[in-house]
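Enquirer: I have a structure here, written as C-alpha cells, and I will follow up with some questions on it.
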Amino acid sequence: MNKELRKKEEELEETLARQFELFKAESGDWVKIGGVVLAGGLIALAISKTRKTRKDRQTQEVLEVLEREGLLTKDIEKKLTEGSKSSFWPSMGQRLLILGLAFAKDKFLPNLFAAKSGDAQVEKESQ
C-alpha cells in the first residue's frame, strides 16, 4: 500500500512538472504576442503624434501668413484650428468588432450545431 502511494506520488509530481513546463511554454508565447501588440501600439502612437505636430506646425504657419496679409478672420481661424471629425479609432473599433464576430462565428458556430445534433440523438434514443 505504501509503495503504491509513493508510486502515485511520483506520477503526480511528474505530471505536475510536465504541466508546469507546458504552462511556461504557452505563457512564453503569450508574452511574445503581447510584446508584438505593445510594440505595434507604440509605433501607431508615435506615428499619430508626429502627424499631429506636423499638421499643427503647418496650421500655425498658415495663420501667421494670413495674419500678416490681413486676411485672418475669427471664422477662418476657427475653421483652421478646429479638429477634424474623423479619426483612426472609430474605424479601428469597427474592424475589431468585425474581427471578433468572425472569430466567434468560427469558434462557436460549429459547436452550436454539433450540440443540437447530439441532443437530437439523445431524444430519439429516449423515445
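The values are calculated or read from the model by the stated rules, or taken from the named source; none is laboratory data. The structure displayed is predicted, hence computed values, not measured ones. Backbone-built Cβ (ideal geometry, glycine too); neighbour counts: all protein chains shown. SASA here: full protein model, heavy atoms, side chains in, ligands and nucleic acids out. Shrake-Rupley method; radii C 1.70, N 1.55, O 1.52, S 1.80 Å.
Enquirer: Give the residues of the range 1-34 that are open to solvent by 100 Å² or more (accessible area, probe 1.4 Å) and within 18 Å of the chain's Cα centre (by Cα), sorted by residue number.
Expert: TRP30, VAL31, LYS32
Enquirer: Does the range 24-33 include one or more residues that are outside any helix (DSSP H, G or I) and charged (D, E, K, R)? Give the derivation first.
Expert: Taking the range 24-33 and keeping what is outside any helix (DSSP H, G or I), we get none.
The answer is no; no qualifying residue exists.
Enquirer: Still on this structure, please answer the following. Read through the list (1) loosely packed, with under 10 Cβ neighbours inside 10 Å; (2) not in a helix (DSSP H, G or I), then give the number of the only condition that LEU72 fails.
Expert: (1)
Enquirer: With of a type outside the set (Phe, Trp, Tyr) and closer than 22 Å to THR81 by Cβ as the only criterion, which of LYS49, LYS7 stands out?
Expert: Numbers: LYS7 fails: closer than 22 Å to THR81 by Cβ.
Being of a type outside the set (Phe, Trp, Tyr) and closer than 22 Å to THR81 by Cβ holds for just one of LYS49, LYS7, which is LYS49.
Enquirer: Same structure, new question: Filtering the range 35-67 down to residues that are surrounded by 11 or more Cβ atoms within 10 Å (Cβ to Cβ) and within 21 Å of LEU96 (Cα to Cα), which residue is modelled with the lowest pLDDT?
Expert: Once the filter is applied, the top-ranked residue is SER48.
Residues checked against (1) under 14 Å from the mean Cα position of the chain (by Cα); (2) modelled with pLDDT under 65; (3) open to solvent by 80 Å² or more (accessible area, probe 1.4 Å):
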| position | (1), (2), (3) |
| --- | --- |
| LEU96 | yes, no, yes |
| GLY100 | yes, no, no |
| ALA104 | no, no, no |
| ALA114 | no, yes, no |
